[in-house]
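Here's the structure we're looking at; comments come further down.
The values are calculated or read from the model by the stated rules, or taken from the named source; none is laboratory data. Every value quoted in this text rests on a predicted model; they were computed, and no experiment measured them. We place every Cβ from the backbone using ideal geometry, glycine too, and count neighbours over all the protein chains shown. Surface accessibility is based on the protein's heavy atoms, side chains included, excluding ligands, DNA and RNA. Shrake-Rupley method; radii C 1.70, N 1.55, O 1.52, S 1.80 Å.
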Amino acid sequence: VRPTTAAPTPSLRHKMPPSRVFVTHAPARWDQQAAAFRPFYDLTPAEKFGRLRFLIPLGEPVNDPIPFLPLIERGLSDYRDGDYLLAIGSPVFIAYAAMVAAGKARGSVRLLWWLGPKAARYEVANLETRLIRLASIGAIG
């Protein structure tokens with residue numbers, strides 16, 4: 001009888017789901033052919049960081065940002081450490097989304113920002129908790 005060797009055990013390491021890119025508020029224009037709103041800027045370079053998820057619906061007119069803050073909270077309800085925020089659009093939405101995301105990801109946010117239409121590239125920064133302590137003050141609302 002020949003001894004048998006055990007089959008290698010599969011890795012027990014948990015595979016992290018793919019990253020997502022949460023777009024804070026993309027300016028949009030109406031596309032006649034598609035009969036839908038499309039981002040005014042080409043956001044496809046950000047897709048190399050993950051699948052795009054828009055927090056505010058494209059084409060939504062925003063005169064008062066306060067009613068849209070619950071949309072941001074719901075949109076970021078499953079934000080996790082490996083995700084990104086794409087800082088584009090209203091500064092109020094960018095700031096609020098960063099605070100909500102930091103609360104979900106142990107105080108750290110992976111931030112992408114756009115360098116303009118000619119650059120067609122994105123930069124990445126990691127914001128630490130000490131830079132966004134306003135989340136604990138509750139100044140918005």
- Query: Among (1) open to solvent by 60 Å² or more (accessible area, probe 1.4 Å); (2) at pLDDT below 85; (3) touching a Lys or Arg at 6+ places or on another chain (Cβ under 7 Å), where does Arg38 come up short?
  - Reply: (2)
- Does Pro17 satisfy being open to solvent by 40 Å² or more (accessible area, probe 1.4 Å), modelled with pLDDT of 90 or more and either closer than 24 Å to Arg110 by Cα or assigned to a loop (DSSP other than H, G, I, E, B) (or both)? no
- Message: Which pairs turn up if I take residues in region 86-101 that are closer than 17 Å to Arg20 by Cβ and look for partners that are open to solvent by 30 Å² or more (accessible area, probe 1.4 Å) and aromatic (Phe, Trp, Tyr) with beta carbon separation below 6 Å, at least 6 apart in sequence or on another chain?
- Response: Ala87/Trp113; Ile88/Trp114
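When region 88-136 is examined, which residues are found to be in a strand (DSSP E or B) and either charged (D, E, K, R) or at pLDDT 85 or above (or both)?
The answer is Val109, Arg110, Leu111, Leu112, Glu123.
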